[in-house]
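Take a look at the structure below.
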Amino acid sequence: MNMFQVPPLLIVLAVVNVISLMFFGVDKLRSMRGGWRISEALLLLVAFFGPFGATAGMLLFRHKTRKPTFLLVPIFLFTQLFLIMYFRLL
């Protein structure tokens, strides 16, 4: 019998947010090296599903912080946080 069981949704959210953080880090690295970039549409899609990682990536890597469309990322974060709290998903 498990004394501590992690909700599956928490595991999924953690993985998606780590992936989101990695996308922002990889895109920043590629921008510095002049390589192929990840499209803004894909970064926003990843941020929609993993807003905590995207926000951390934006702040940690100082990436896409001046782009007006990326002001949506904090909105995604608060929306996801509200839904988690409202439906008590975790």
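The values are calculated or read from the model by the stated rules, or taken from the named source; none is laboratory data. Bear in mind that the values here come from a model prediction, so they are computed numbers and not experimental data. Cβ: placed from backbone, ideal geometry, glycine included. Neighbour counts: every protein chain shown.
Worth pointing out:
- Residue-level check: of (1) over 17 Å from residue 77 (Cβ atoms); (2) touching a residue at least 12 places away in the same chain (Cβ under 8 Å), residue 37 misses just (2).
- Any hit, region 30-42, residues being surrounded by 16 or more Cβ atoms within 10 Å (Cβ to Cβ), of a type in the set (Asp, Glu) and modelled with pLDDT of 95 or more: no
- Whichever residue in region 43-69 is crowded, with 20+ Cβ neighbours inside 10 Å and of a type in the set (A, V, I, L, M, F, W, C) and, among such residues, is farthest from residue 29 (Cα to Cα): 52
- Scanning region 7-65 for residues that are hydroxyl-bearing (Ser, Thr, Tyr), assigned to a helix (DSSP H, G or I) and over 12 Å from the mean Cα position of the chain (by Cα) yields a count of 1.
- Scanning region 27-40 for residues that are closer than 29 Å to residue 83 by Cα and either among the hydrophobic types (A, V, I, L, M, F, W, C) or in contact with a Gly (Cβ under 8 Å, 6 or more places away or on another chain) (or both) yields a single hit, 38.
- Residues (farther than 13 Å from residue 64 by Cα and surrounded by fewer than 17 Cβ atoms within 10 Å (Cβ to Cβ)) located in region 17-29: 18, 19, 22
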